[in-house]
1. With +1 assigned to the C-beta of every Lys and Arg and -1 to the C-beta of every Asp and Glu, and no other charges, what is the dipole magnitude of the chain about the Cα centre in debye, to the nearest 20?
2. Taking the Cα centre of the chain as the origin and placing charges on Cβ (Lys, Arg +1; Asp, Glu -1), which of 58, 7, 85 is farthest toward the positive end of the dipole?
3. So between residue 85 and residue 38, what do we pick up on full extension, going 0.36 nm a residue minus the alpha carbon distance?
4. Taking only protein heavy atoms into account and a 1.4 Å probe, give the accessible area per residue of the chain in Å².
5. Tell me which of 44, 95, 73 sits at the most positive position along the dipole axis of the chain, charges placed on C-beta atoms (Lys, Arg +1; Asp, Glu -1).
6. Under a Cβ-Cβ cut-off of 12 Å, what is the net charge of the residues other than residue 93 that fall near it, where Lys and Arg count +1 and Asp and Glu count -1?
7. What is the projected area of the convex hull of the Cα atoms of the chain, averaged over all directions, in nm²?
8. Would you work out if region 50-96 is rounded, prolate or oblate? Take a ≥ b ≥ c from the square roots of the eigenvalues of the alpha-carbon gyration tensor; rounded if a/c is under 1.5, else prolate when a/b is larger than b/c, oblate otherwise.
Amino acid sequence: MAELTLSEQDIVNAICMEQSRKHNILPEEVEVELMYDDDEGFSAQLEFHSQMVVLGSFEMIQAIRFYIEEVLQEDPYAAGIKLLLDREEGIIASIQ
């Protein structure tokens, strides 16, 4: 797989898609806020059907792997995924 960067919106979309499959809801029903904390690292706060869920970086990367397989039609486990904080772009994912 060629090197690729996923935008913050792509990461949000990946999480919405993966959670919709997991909870049998529409992707549009999932609200996502990506966060970064110096002590805790990367996380995502989700809300759907009046339920709040917090995903850590591991779960975020699993959602990105789901996105790679479903949308990009690539082997999700052949890629190295790293979450990064970019001053201009926000939270992005580097895929190599």
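The values are calculated or read from the model by the stated rules, or taken from the named source; none is laboratory data. Because the structure is a prediction, the values reported are computed rather than measured. Using ideal geometry, Cβ is built from the backbone for each residue, glycine included, and neighbour counts are taken over all protein chains shown. Just the protein is used for accessible areas: all its heavy atoms, side chains included, with ligands, DNA and RNA removed. Shrake-Rupley method; radii C 1.70, N 1.55, O 1.52, S 1.80 Å.
1. On the way: 5 positive and 21 negative charges, 66 e Å.
Here the size comes out at about 320 debye.
2. 58
3. Numbers: separation 47, 0.36 × 47 = 16.92 nm, distance 1.07 nm.
Separation in residues times 0.36 nm, less the Cα-Cα distance, equals 15.9 nm.
4. Here the per-residue accessible area is 63 Å².
5. With unit charges placed on the Cβ atoms, the residue in question is 73.
6. On the way: positive: 65, 82; negative: 3, 8, 10, 86, 89.
Residues close to residue 93 contribute a combined charge of -3.
7. If you wrap the Cα atoms of the chain in a convex hull and average its projections, you get 6.1 nm².
8. Oblate shape, in that a/c is at least 1.5 and b/c is the bigger or equal ratio.
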